[in-house]
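Here is the structure we will look at.
None of the figures in this text is laboratory data; all of them are computed from the coordinates on show. All values reported here derive from a predicted model rather than from experimental measurement. Cβ placement follows ideal geometry from the backbone for every residue including glycine, while neighbour counts extend to all protein chains displayed.
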Amino acid sequence: MFISDIKIDTYNIPLPEPVEAYAAGIMKSFDLVICRITNDNDVEGIGYITVHENQGKAIAQIIKDSFVDLLKNKDPRYIEYLWNLMWKKVHYAGRGAPVSFAIAAVDVALWDLKGKYLKEPLWSLLGGYQKNVLCYAGNIDLNFSKDKLLEEATKSLDQGFRAIKMRLGRETLKEDLERLDAMRNHLSSDISLMADANEAWTVNQAMKAFNEIEKFNLVWLEEPIKPDDFEGYKYLRSLGKVPIAAGENLHTLAEMNLLIKHNGVDYVEPDLTTCGGITAYMKVAKLAEINNLPVVSHGVHELHVHLLAACPNASYMEFHAWRIDNYIEEKLSINNGYSPAPDKPGHGVVFDFEKLSKLKID
Ligand SMILES: [Mg+2]
């Protein structure tokens with residue numbers, strides 16, 4: 001078997017309304033890079049990544065310039081070999097983002113192709129542990145009024161979620177606490193709550209925030225500080241006040257290893273699109289398992305549902321606010337807080353390319 005063709009397209013997907021997180025600021029849209037890899041029998045694997053607006057084209061260009069010729073005529077079944085070939089090829093400008101995003105798009109396409117070729121769903125191909133994955137609504141809402149924040153939470157509950165994440169990082173800690181208090185009172189006691197500070201605080205500010213936030217009994221508080229301040233994470237976790245999640249902004253296996261080695265988190269949270277794809281994510285998940293830590297996910301839930309369904313140490317999957325529901329054949333279902341991994345061969349995501357064509361930017 002060999003790779004006969006590789007196509008890369010970039011789209012800009014509008015969000016239904018502007019949303020805000022502390023580190024990213026206001027977001028009105030996001031970019032979607034789709035990589036299609038065909039073998040000599042015309043089996044097509046589809047890979048994709050999502051990223052902030054105006055950054056998709058640069059990632060697509062890395063694939064076009066550095067990976068297309070490298071991969072053509074190679075056997076697509078040997079994913080570890082091809083992953084390492086890509087890593088080596090771009091190591092000088094790479095060893096992290098944005099090349100990790102580019103490798104991820106290709107890696108997902110290779111896994112999808114393998115699943116389709118073997119007629120196996122991805123979650124089974126990766127080991128298969130439990131079909132139903134616990135999930136939460138990862139709402140992005142820092143710019144919303146308190147009323148709208150609660151309205152959006154109600155919408156998520158109506159969709160079948162039993163756990164909700166809200167954003168922190170407003171101007172003052174007092175405001176954050178008021179919003180947390182309103183949300184906790186709005187939700188019944190059987191609904192779980194997470195919060196995400198998106199790197200809003202220094203270690204000292206986080207320490208003060210933890211003292212106040214402890215009483216809200218959060219499942220976790222995410223990214224209280226900058227993602228690579230491993231000593232900071234170690235210190236904050238040692239306080240034993242609030243469980244910590246992080247990992248979405250780490251882009252190499254080595255960074256993930258450092259976070260875990262520093263005992264920096266209670267929940268390891270890699271994102272396959274930011275750390276090098278399914279191949280890299282599964283290694284992080286295993287590292288977490290060996291260290292007796294649960295693994296969660298960030299972004300691209302249509303893909304992560306398969307990965308978490310293959311992990312014995314899986315905890316919550318995020319249903320991210322960057323939704324591609326309008327551009328795919330079938331969106332994931334949510335029932336009583338769980339989402340089942342699809343049983344179609346590969347990852348099962350089928351894009352509506354005609355609908356997407358209006359949003360194509362490259
Ligand atoms: Mg986050």
Subject >> Per-residue Cβ neighbour rank within 10 angstrom, fewest leading, TYR117, TYR81 >> reply: TYR81, TYR117
**OP:** Amide H neighbours of SER297 under 5 Å, at least 5 residues apart or on other chains, H built in the peptide plane: list them.
**Re:** GLU318
**OP:** With the Cα gyration tensor of the range 118-179 in hand, give its eigenvalues times 5 under a square root as the equivalent ellipsoid semi-axes, listed largest first in whole angstrom.
**Re:** 35, 13, 9
Subject >> Interchain or long-range residues, amide H under 5 Å from ASP5's placed H >> reply: THR38
Original post:
If you take the beta carbon distance between ILE290 and ALA58 as r and set R0 to 35 Å, what does 1/(1 + (r/R0)^6) give as a FRET efficiency, to the nearest 0.05?
Top reply: 0.50
Original post:
Given a cut-off of under 8 Å on Cα pairs at least six residues apart, what relative contact order in percent is computed for the chain?
Top reply: 21 percent
**OP:** In whole Hz, with x marking every Gly and Pro, tabulate ³J(HN,Hα) for the range 85-97 from phi via Karplus 6.51 cos²θ - 1.76 cosθ + 1.60, θ = phi - 60°.
**Re:** 4, 5, 4, 5, 4, 10, 4, 5, 8, x, 6, x, 5
Original post:
Amide H neighbours of ILE164 under 5 Å, counting only residues 5+ apart in sequence or on other chains, H built in-plane at 1.01 Å?
Top reply: ALA137, SER192, LEU193, MET194
**OP:** Would you mind computing Rg(Cα) / (2.2 N^0.38 Å) for the range 216-281, counting N as its residues?
**Re:** 1.07
**OP:** Mind checking the full-extension length gain between LYS155 and ASN326? Use 0.36 nm per residue of separation minus the Cα-Cα distance, one decimal, nm.
**Re:** 59.8 nm
Original post:
Kirkwood hydrodynamic radius for the range 238-362: how many Å is it when counted over pairs of different Cα atoms?
Top reply: 15.6 Å
Original post:
Which ordering of LEU149, LEU168 is given by a fewest-first count of other beta-carbon atoms within 10 Å?
Top reply: LEU149, LEU168
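Over the Cα atoms of the range 124-340, compute the convex hull volume and normalise it per residue, giving Å³. Let's see the in-between values first.
Values: hull volume 25.2 nm³, N = 217.
That works out to 116 Å³ per residue.
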Subject >> Where labels lie 7 Å past Cα in the beta-carbon direction, separation of VAL203 and ASP181 in nm >> reply: 3.0 nm
**OP:** Over the alpha-carbon set of the chain, work out the extent along each principal axis and list the three values in angstrom, largest first.
**Re:** 59, 40, 37
Original post:
Once the piece of chain linking LYS146 and SER189 is laid out straight, how much longer is it, given 0.36 nm per residue of separation minus the C-alpha distance between them?
Top reply: 13.5 nm
Subject >> Between the range 30-53 and the range 285-340, the alpha-carbon center distance in angstrom >> reply: 19 Å
Original post:
Among LEU287, LEU142, GLY346, whose Cα lies farthest out toward the positive end of the dipole of the chain, if unit charges sit on the beta carbon of Lys, Arg (+1) and Asp, Glu (-1)?
Top reply: LEU287
**OP:** Could you work out how far apart the two model spin labels at GLN130 and VAL350 are, taking each label as a point 7 Å from the Cα in the direction of the beta carbon, and quote it in nm?
**Re:** 3.0 nm
Original post:
What is the order of ARG170, ARG162, fewest Cβ neighbours within 10 Å to most?
Top reply: ARG170, ARG162
Subject >> Vicinal HN-Hα couplings computed from phi for the range 348-355 (Karplus, 6.51 cos²θ - 1.76 cosθ + 1.60; Hz; Gly/Pro x) >> reply: x, 7, 10, 7, 8, 5, 5, 5
Subject >> Listed pairs LYS74/LYS119; LYS7/LYS358; LYS7/LYS131; LYS208/LYS234 exceeding 25 Å between Cα atoms >> reply: LYS7/LYS131
Original post:
Hey, got the dipole for the chain? About the Cα centre, +1 on K and R Cβ, -1 on D and E Cβ, debye to the nearest 20?
Top reply: 560 debye
Original post:
What nm value, rounded to one decimal, do you get for the distance between ASP65 and SER357 when each label is placed 7 Å out toward the C-beta?
Top reply: 3.0 nm
